[in-house]
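What follows is a set of notes on a single structure, which appears directly below.
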Protein chains: 2
Amino acid sequence: MRTNRILTLASVCSVGLSSLHATDPLPSWNDTAPKQAILAFVEKVTRSGSPDFVPEPERIAVFDQDGTLWAEQPIYVQLRFALDRVKALAPQHPEWKRKQPFKKLLTTKQDQRVAVTEQELVEIVIAAHAGMTTAEFEQIVADWIAAARHPQTGRLYTDLVYQPMLELLAHLRANGFKTFIASGGGIEFMRVFTERVYGIPPEQVIGSSGKTRYEVRDGKPVILRLPEIIFIDDKVGKPVGIQRHIGRRPVMAFGNSDGDFQMLEWTTSGPGARFGLIVRHDDAGREWAYDRQSAVGRLDRALDEAPSRGWTVVSMKDDWRIVFPE
Amino acid sequence: MRTNRILTLASVCSVGLSSLHATDPLPSWNDTAPKQAILAFVEKVTRSGSPDFVPEPERIAVFDQDGTLWAEQPIYVQLRFALDRVKALAPQHPEWKRKQPFKKLLTTKQDQRVAVTEQELVEIVIAAHAGMTTAEFEQIVADWIAAARHPQTGRLYTDLVYQPMLELLAHLRANGFKTFIASGGGIEFMRVFTERVYGIPPEQVIGSSGKTRYEVRDGKPVILRLPEIIFIDDKVGKPVGIQRHIGRRPVMAFGNSDGDFQMLEWTTSGPGARFGLIVRHDDAGREWAYDRQSAVGRLDRALDEAPSRGWTVVSMKDDWRIVFPE
């Protein structure tokens, strides 16, 4: 009886394990080198007894957002949000007609590109939202993201996320990784939807941020958004933001542009097994094709240095079976 | 056979559950009102179908450190660390002999109190460590905390943590809470030991911080600590730090001084079930007794307002069976 029970339990376990192995965790990835590299890396850092084993608390993976987790063409989603907000608020700010970067936003049509730097983007977003509480801002973003549609595809922005990356996030979490976003976008903007869309809770989002102030208004405490930028989470800012927020060097980093160079460099320069990956936008048919000359998501130096640094480069065209969720 | 197996599995499960129920999760707490309030609150926010149910991702609990998780008398642990560092570095900084707050540190004996504000403390700590990398700083703290002993008790500082609070942290985590530290102490100082001592990983530590810079030295990237304070996580800074780091209002907050007032206020003013608790130092025999007049951990306004705000006040003397781990 005792032996029987043990055998029965063992066979249940073995069925469970083999069906786990039979399921492809990355079905939207073609069976090319990047998928193999990801699976092999995760296996070697999680297998007990592996020389590359990484204890679970140290399994930190950081992801850029724009162009890495969701589409960033023709303009950053948050820039579109800011454009809508600036237009809505313009009657209360007559000075914006003469002041850059607001002037160029107000004279730009819905489907036109606007050349703004990442720094200008943050300035616009923060200036357009000064004087409101964090709770009010969250509500505005929530309302906007629930309805705003991409000008060319007509889809919700939150539907223009990369299916292969959603699978990758889930695969990493299933293997004990904590997944973080480290993006140049505004931290409070992203937090409104990252949990629902990516399964990433607000406390695992790192982004650019403005100054805030705690105050009690008529007995009710609020946190007020002030018109001052205190941190830009881009380029050399990314490792700084990662250290401040996580306090531990990531084991894996995923990006798509030169804005992610230092995040990839910092991550992959650590001791032990490390993994860096660049999503290359080379699929004009299903997404967009752009790299060295692009004003949005420019990829130049990181592409040149990827081979010598051992970073995996993913071709959207060749390595992804599916781009967006169907 | 099949029935037998199911019965056997069921009895295993039921033994497991009943032994779980029979185990007191807070054995170092006396069976007084605070313990009952904690257990009742956790039960009502975690029981499925409860009108006060809080979904797991929203179960955020924030803890002050000094005086709430470990002893802060006769001086903050980090001030003792800074004192040791300032003395070690003094030969390289002749100007400190004439400059406050360094001057008073250099002329203070090991077992003497030094009156410094929380702001001065942060200034000292950051100034004493400018120009080194985050990795170098971590090593210095790790070496110090492994050896430094409390001047009066002779125990390691990390042994002067409150056993009842360790049990509380574990009980909350067992019930799906994420536990965070939100302390006026330096974020990088605390992170060196919070995982080992409290089970709180570095990414769940919020604290005061200095400016840092990413740079590549001889091909090796480092994050450099600069002599500029950019955030003080005390008083009105606590809700600001919590919002910046977590992006979600906590459900439970634990403090011991007026420095925690706004954290408690912000937490307990949210909608739905909320819990605020103050550890009161009234046990001169086993710990220290201090409140309204103390230079360290002054507790005045928060004590006055606790009843009207519904905050639980813990008397170390009456409510804790054990103070420090044995």
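The values are calculated or read from the model by the stated rules, or taken from the named source; none is laboratory data. Just so you know, these numbers come straight off a predicted model, no measurement behind them. Here the Cβ is made from the backbone with ideal geometry for all residues, glycine too, and neighbour counts use every protein chain on show. Calculation scope for accessible area: heavy atoms of the full protein, side chains included, ligands and nucleic acids excluded. Shrake-Rupley method; radii C 1.70, N 1.55, O 1.52, S 1.80 Å.
Is the stretch B:131-204 best put as rounded, prolate or oblate by its Cα gyration tensor, with a ≥ b ≥ c the root eigenvalues, rounded for a/c under 1.5, and otherwise prolate when a/b is larger than b/c, oblate when not? Judged from the Cα gyration tensor, the stretch B:131-204 comes out oblate (a/c at least 1.5, b/c at or above a/b). The residues packed around A:ALA82, meaning those with a beta-carbon under 11 Å from its beta-carbon, carry a net charge of 0 if Lys and Arg are +1 and Asp and Glu are -1. Kindly identify the stretch B:97-237 as rounded, prolate or oblate by the Cα gyration tensor criterion: order the square roots of the eigenvalues as a ≥ b ≥ c, call it rounded if a/c is under 1.5, otherwise compare a/b with b/c, prolate if a/b is larger, else oblate. It comes out oblate by the Cα gyration axes. Between the helical axis of A:77-89 and the longest alpha-carbon principal axis of chain A there is an angle of about 30 degrees.
Across peptide B:241-252, the mean count of Cβ atoms from other chains lying within 10 Å of each residue's own Cβ comes to 5.
Taking only Cα atoms and a 10 Å spring cutoff, compute GNM fluctuations for chain A and point out the largest among A:LEU172, A:LEU83, A:LEU156. Maximum fluctuation in the GNM of chain A, among the listed residues, is at A:LEU156. Bridge orientation summary for chain A: considering DSSP beta bridges with both residues in this region, about 40 percent are antiparallel.
Per residue of B:296-303, what is the mean number of Cβ atoms on other protein chains within 10 angstrom of that residue's Cβ?
Mean inter-chain Cβ contacts per residue within 10 Å come to 0.
Note on A:ARG286 and B:MET132: with the Förster distance fixed at 51 Å, the Cβ-Cβ geometry gives a FRET efficiency of about 0.55. Scoring B:24-37, A:85-98, A:256-269, B:138-151 by mean Cβ neighbours within 10 Å over their residues and listing the highest first yields A:256-269, B:24-37, B:138-151, A:85-98. The distance from the alpha carbon centre of the stretch A:266-285 to that of the stretch B:73-129 is 44 Å, rounded to a whole number.
With a 1.4 Å probe and every protein chain kept in, tell me what percent of the accessible surface of the protein assembly as shown is carbon plus sulfur. Using a 1.4 Å probe with all protein chains present, the protein assembly as shown comes out at 53 percent carbon and sulfur. So in the stretch B:248-326, what percent of DSSP beta bridges are antiparallel if you round to the nearest 5? Bridges in the stretch B:248-326 are about 10 percent antiparallel.
Counting Cβ atoms of other protein chains within 10 Å of each Cβ in A:197-207 and taking the mean gives 3. Roughly speaking, what is the centre-to-centre gap between the stretch B:297-319 and the stretch A:288-305 when only Cα atoms are used, to the nearest Å? Centre-to-centre (Cα) distance: 57 Å. Centre-to-centre, using Cα atoms only, the stretch B:241-255 and the stretch B:175-230 are separated by 17 Å.
Peptides B:208-218, A:209-219, B:227-237, B:187-197 ranked from most to least packed, by the mean per-residue count of other Cβ atoms within 10 Å: B:187-197, B:227-237, B:208-218, A:209-219.
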